[in-house]
Amino acid sequence: MLDPELLERITGRRAELDELEEQLAKQLADVRAERDELAVAERVLERMTGQLAEERAFVGPLPGQVGGRQSC
């Protein structure tokens, strides 16, 4: 015969673990989504940096600048 108190404790602990599993799965999904967003942002930043470098190379230094620095 099963001990009702022990069975209740086991059932309660399983419910706690099920809830924790749901929370962790949600957190993992959120982390993965944010990581994906950051990867996109990184690619955009790299592309924009490359485009700016190309534009600067095409235009040349601005008046008053020598080697990328302003003269005083």
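Just so you know, all these numbers are worked out from the coordinates, no wet-lab data involved. Everything numeric here is computed off the predicted structure, so don't read it as measured data. Here the Cβ is made from the backbone with ideal geometry for all residues, glycine too, and neighbour counts use every protein chain on show.
Observations on the model:
- Calculated FRET efficiency for the pair Arg32/Glu8, C-beta based, R₀ 30 Å, to 0.05: 0.25
- Modelled spin-label separation between Glu21 and Glu46, with each label point placed 7 Å from Cα along the Cα-to-Cβ direction: 3.8 nm.
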